[in-house]
1. Can you show me the helix-derived [θ] at 222 nm for the chain, built from DSSP H runs with n ≥ 4 at -39,500 (n - 2.57) apiece and divided by the number of residues, rounded to the nearest 500.
2. Classify the chain from the C-alpha gyration tensor, please: rounded if a/c falls under 1.5, else prolate or oblate depending on whether a/b exceeds b/c.
3. Which order do the peptides 27-33, 48-54 take when ranked by the mean count of other beta-carbon atoms within 10 Å per residue, highest first?
4. What is the sum of charges, Lys and Arg at +1 and Asp and Glu at -1, for the other residues whose Cβ falls under 15 Å from the Cβ of VAL44?
5. Using a cut-off of 10 Å between beta-carbons, work out the net charge of the residues near GLY8 (Lys and Arg +1, Asp and Glu -1, GLY8 not included).
6. Express the carbon and sulfur contribution to the solvent-accessible surface of the chain as a percent, rounded to the nearest whole number, probe 1.4 angstrom.
7. How many Å² of accessible area per residue for the chain, probe 1.4 Å?
8. Using a cut-off of 11 Å between beta-carbons, work out the net charge of the residues near LEU25 (Lys and Arg +1, Asp and Glu -1, LEU25 not included).
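The values are calculated or read from the model by the stated rules, or taken from the named source; none is laboratory data. This is a predicted model, so every value here is computed, not measured. Glycine gets a Cβ as well: all are built from the backbone with ideal geometry, and neighbour counts include every protein chain shown. Each accessible area value is taken on the protein alone, full model and side chains, heavy atoms only, with ligands, DNA and RNA left out. Shrake-Rupley method; radii C 1.70, N 1.55, O 1.52, S 1.80 Å.
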Amino acid sequence: LIVSTPTGSTAYALSEQGAVLQPSLHAYELVPVAPYMRSVFPFVTDKKTKITFNGTASLILDGQEIIKLRSKDVIEVRIGRKIPFAVF
């Protein structure tokens, strides 16, 4: 499952048929990777929605594997404050 902010929507999410989100949106996009059912589609939700995951999997952030998750581990996703990439 890809969890994407508007910034990531133009790369990771788009590669799996997700939408391109407007950069000013405070939203997440959840895009399944290789879903086995045709009824599973990308989903966009606002920043107020609490998203949690649990189960056996690997946590990969921006292409780098961070940790192997166990069945009792929980990951919470939320939008943080904006950090400028460059200031001129």
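1. Counting only the DSSP helices, I get -500 deg cm²/dmol.
2. Taking the square roots of the gyration eigenvalues as a ≥ b ≥ c, the chain is oblate.
3. The packing order, highest mean first, is 27-33, 48-54.
4. -1
5. -2
6. Ligands and nucleic acids excluded, carbon and sulfur give 58 percent.
7. It amounts to 82 Å² per residue over the chain.
8. -1
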